[in-house]
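Report on one structure; see the data block that follows.
The values are calculated or read from the model by the stated rules, or taken from the named source; none is laboratory data. Predicted model, so just to flag it, every value in this text is computed and none were measured. Using ideal geometry, Cβ is built from the backbone for each residue, glycine included, and neighbour counts are taken over all protein chains shown.
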Amino acid sequence: MVQSNRVTFVRETVIAVVVVVGLYAPVALGVEFRPAIIPGYLLIVGFDILEVTVGSAGAYYPVLFGAYLFGFGLAGAVVVHTVRNSSGVDLPSWRLGAAGAFTMVGILALLFALGVLLGTSQMTPVVITGAAGLLLLALAGWLAGLFNI
């Protein structure tokens, strides 16, 4: 059964947004396991950088942060949907949606690591966020079918 392009994109977007929110959830729920909270803190840092750039969210912080998470998921879905259409990849939407979310957060982690590397002499955050970014990108690549383990 051939699905329409629009239905596939909506499915990938929903999955990517759910994964992005899931990556933030350990921080929101107060999980104490440090490796689980790294992606969530990176999402917060990314939003804080936006706030510094365009102004404080103030009382609208929860709504704008939710829109930011949705935007991250949407951007991830756009990336994987474009890859699907250009390369003819035939993988389930859940895999590509998750790959898109992990790609976006992995890129955010690497950009953060680069910013810290260029702006300070602290190496611990660079190593931690750089490793997290590479792991997220590797997971995204595996989900997108770029390599098999």
Original post:
Take the residues of segment 90-106 that are hydrophobic (A, V, I, L, M, F, W, C) and surrounded by fewer than 18 Cβ atoms within 10 Å (Cβ to Cβ): which is modelled with the lowest pLDDT?
Top reply: L91
Original post:
Can you tell me which residues in segment 11-33 are over 15 Å from Y68 (Cα atoms), surrounded by 14 or more Cβ atoms within 10 Å (Cβ to Cβ) and without any contact (Cβ under 8 Å) to a residue 40 or more places away in the chain?
Top reply: P26, V27
Original post:
Does A36 meet the test of being without any contact (Cβ under 8 Å) to a residue 12 or more places away in the chain, in a helix (DSSP H, G or I), closer than 22 Å to L134 by Cβ and small (G, A, S)?
Top reply: yes
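Filtering segment 1-33 down to residues that are of a type in the set (F, W, Y) and assigned to a helix (DSSP H, G or I), which residue is modelled with the lowest pLDDT? Give the derivation first.
Within segment 1-33, the subset of a type in the set (F, W, Y) is 9, 24, 33.
Add one more test, that the residue is assigned to a helix (DSSP H, G or I), and what stays is 9, 24.
Details: F9: 90, Y24: 95.
Ranking the qualifying residues of segment 1-33, first place goes to F9.
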Subject >> Criterion violated by L91 - all others in (1) closer than 22 Å to L143 by Cβ; (2) in contact (Cβ under 8 Å) with a residue 60 or more places away in the chain satisfied >> reply: (2)
